[in-house]
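Engineer: Take this structure first; my questions come after.
Throughout, read-outs are computed from the coordinates displayed, never taken from laboratory work. Computed from a predicted structure; not experimentally measured. With ideal geometry, Cβ positions are generated from the backbone for all residues, glycine too; neighbour counts draw on all protein chains shown.
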Amino acid sequence: MTYLTWALRVLWFPFYAGAEITKTSFQVMWDIVTPGSSSTPAFVEVPIRCRTDFEVTMLANLISLTPGTVTVAVRHDPPTLWVHGLYVKDHDSFREDVSAMEDRILAVTRPSGALEDTVDEVGRR
């Protein structure tokens, strides 16, 4: 990946984050103004590929900024986030959504474009 591609990803990221926040804001708003509740709250353990404190913090903050979700806990060994979601249909699809968010963050924080799962010197993922 070239630095021009990386720079474009950095410039595009605020629009992605804004779109996610807007989309989920409307989902929560719709649930509030309509009778009944469509929420299906759950705590989900999400394994992550972020390794640096900066990457983990960015991911945890983006999750918490998104209405209907909040990062509850962070574990470093193995790298995991505990996330409370207000609209969790099933745990696997929720993990995929968080993983897609993580892909965007890793594309911005790693100019080399290394999005694959990293393996440390001991051989753990």
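Engineer: Taking the highest mean first, how do the peptides 100-110, 14-24, 46-56 order by number of other beta carbon atoms within 10 angstrom per residue?
Structural biologist: Result, highest mean Cβ count within 10 Å first: 100-110, 46-56, 14-24.
Engineer: Quick one: length gained pulling SER37 to VAL70 fully straight, 0.36 nm per residue minus the C-alpha distance?
Structural biologist: Taking SER37 through VAL70 to full extension adds about 10.0 nm, to one decimal.
Engineer: Another question, then. Which value, in debye to the nearest 20, gives the size of the charge dipole of the chain about its Cα centre, when Lys and Arg are +1 and Asp and Glu are -1 at the Cβ?
Structural biologist: 220 debye
Engineer: What helices in the chain pass both tests, a Cα length along the helix axis of 15 Å or more and a mean Kyte hydropathy of 0.0 or higher, using whole DSSP H runs?
Structural biologist: In the chain, the long hydrophobic H runs are 3-33, 53-65.
Engineer: Still on this structure: With a/c under 1.5 counting as rounded, go ahead and sort the stretch 7-66 into rounded, prolate or oblate using the C-alpha gyration tensor (a ≥ b ≥ c being the square roots of the eigenvalues; past the cut-off, prolate if a/b is larger than b/c, else oblate).
Structural biologist: Judged from the Cα gyration tensor, the stretch 7-66 comes out oblate (a/c at least 1.5, b/c at or above a/b).
Engineer: Using a ≥ b ≥ c from the Cα gyration tensor of the stretch 3-109 (square roots of the eigenvalues), is it rounded, prolate or oblate, where a/c under 1.5 gives rounded and otherwise the larger of a/b and b/c decides, a/b for prolate?
Structural biologist: Verdict is oblate for the stretch 3-109.
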